[in-house]
Amino acid sequence: MVASTWRQRLTSYAATCFFWFLILLALQVALDAVRTARCPQITVKNFGGRILGFHGNLPRASETAFLSIDMEADFQPVWRGTYRQLYVFIVAESKNASSQVTLWDKVVGSRDSRVIRLIGERAKYPLRAFPNETLRGNSITMRLHYMVMPYVGLYQRRVALGSADLTFHENAST
Amino acid sequence: MEGPEANPSCSEVLTPSSALPRAEATRTALGWFWFRVRTCFGQGDAATQKLEQRSFVQRLLPLCTLVLTLCLAFTLWRALVLWTYSESPVVVVLSGSMEPGIHRGDILFLYNRTAAERPLRVGDMVVYSLRDRSLPIIHRIIEVHRRASESIGDGTRASNSSILEYFLTKGDNNFGDDRGLYPADKKWLLRSDVIGRVIFTIPKVGMLTILMNTHKWLKYALIGLLSLTLLFISE
């Protein structure tokens, strides 16, 4: 029987520790992904929007609408310590979902409040019509989405329950 | 019975000047390294005489192991490319434009298969490449428009598909959208510009890659160290 040297023993211990670290990490990542997928859905309360301004006239310029948003959502039930952040965003969708535009977003970190309350909050991004198209006479549906961004693992995105509709009148003025 | 005289075949190789006592040689790090090199090429002390009895083919085994390891790594990489349908399924983040969610040095895994039930959507983080930029960019989609035909008059028309997808992106840590990064005649990204959607992250592991790109000598030192380790490990 050949006696192993201290170098061989050290290498063996290090390799074993590294192997089990990887196994445990993989298990934790898998467990985290399953738990995130099974989390209860967030419900948005008092969801609504208003048109603050409307600019642009076809065919000279693209139409742009500036909106304000009301919304309340509590992300405490879905938060876990393994998350680096939640990326929360409100998306405006056209009727047939041919257009999706982000209106507002926020990063919820580990030290931030997990309750988001918007009252007459001005949308961070304007709602721009696709070139050569109009917003007038069309309606949009606003929904709250969030993406779970863990320190290690899968990015998963979910949609909160609840939506708000907004219609642009034919005679919306600039 | 030990020593060079115990094995006549070894005595042809070992001379009093070349024979290195293990304890003497391994006293310092440099001494240990030189001892291993000489041992590998059959000039060690009596304790390593069995190495010198190896045939030519046996001595080639470490090299074969190295080549096979490289082939295995390449095969796994190509399999990953096929599975993810992305030309580079693993990328390292080089800038802080997506902080605080994604930091410099994080490793991201991409997936580029988009079935009809899971197209690219607003909020997805994508890696895209532009013709004027050598490095791909990792940003988030903030606008998606799907249209049946080419309906805008700029440089973004480049697809034979009946449904065209137009994307606008932005970094989480940037103030404005990415139109300033796109070429002058391009207002929207197309599906063909996207390398993949980010699905998985490992933090900070890519810092080694960044350091290797910053300090070229580190890259060659690591390659050399790994090669030597593979050569020695077969002992």
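The values are calculated or read from the model by the stated rules, or taken from the named source; none is laboratory data. Here the structure is a predicted model, which means the values were calculated and not measured. All Cβ positions, even for glycine, are placed from backbone atoms using ideal geometry, and neighbour counts span all protein chains on display. The area values use the complete protein model at the heavy-atom level, side chains included, leaving out ligands, DNA and RNA. Shrake-Rupley method; radii C 1.70, N 1.55, O 1.52, S 1.80 Å.
Assorted remarks:
- For chain A, the relative contact order comes to 26 percent (Cα pairs under 8 Å, sequence separation of at least 6).
- Here is the interface size for B with A: some 2800 Å² of accessible area buried, both sides summed, with a 1.4 Å probe.
- For A:L67, the residues whose amide H sits under 5 Å from its own are A:L52, A:A123, A:L127, ignoring neighbours fewer than 5 places away on the same chain, with H placed 1.01 Å from N.
- Note on chain A: GNM, Cα springs under 10 Å; of A:R35, A:R136, A:R111, the largest mean-square fluctuation is that of A:R111.
- According to the calculation over all Cα-Cα pairs in chain A, the P(r) per 10 Å bin from zero is 9, 29, 23, 16, 10, 6, 4, 2, 1, 0 %.
- Among B:V81, B:V90, the sequence by solvent-accessible area, most first, with a 1.4 Å probe is B:V90, B:V81.
- Here the Karplus curve 6.51 cos²θ - 1.76 cosθ + 1.60, taken at θ = phi - 60°, turns the phi angles of the range B:92-108 into couplings of 10, 7, 9, 10, x, 6, 10, 5, x, x, 10, 9, 4, x, 6, 9, 10 Hz, with x standing for Gly and Pro.
- Between the beta carbons of A:Q8 and B:I202, assuming R0 = 41 Å, the FRET efficiency works out to 0.85 to the nearest 0.05.
- The helix-based estimate of mean residue ellipticity at 222 nm for chain A, built from -39,500 (n - 2.57) per DSSP H run of four or more residues and divided by its residue count, is -6500 deg cm²/dmol to the nearest 500.
- Evaluating kT/(6 pi eta Rh) at 37 °C and 0.692 mPa s, with the Kirkwood radius of the range A:90-174 over Cα pairs in the Stokes-Einstein relation, gives 219 µm² s⁻¹.
- Near the amide H of A:G49, within less than 5 Å, lie the amide hydrogens of A:D70, all on another chain or at least 5 residues away, with H placed in the peptide plane.
- Choice from A:D112, A:D32, A:D70 with maximal GNM fluctuation in chain A (Cα, 10 Å cutoff): A:D112
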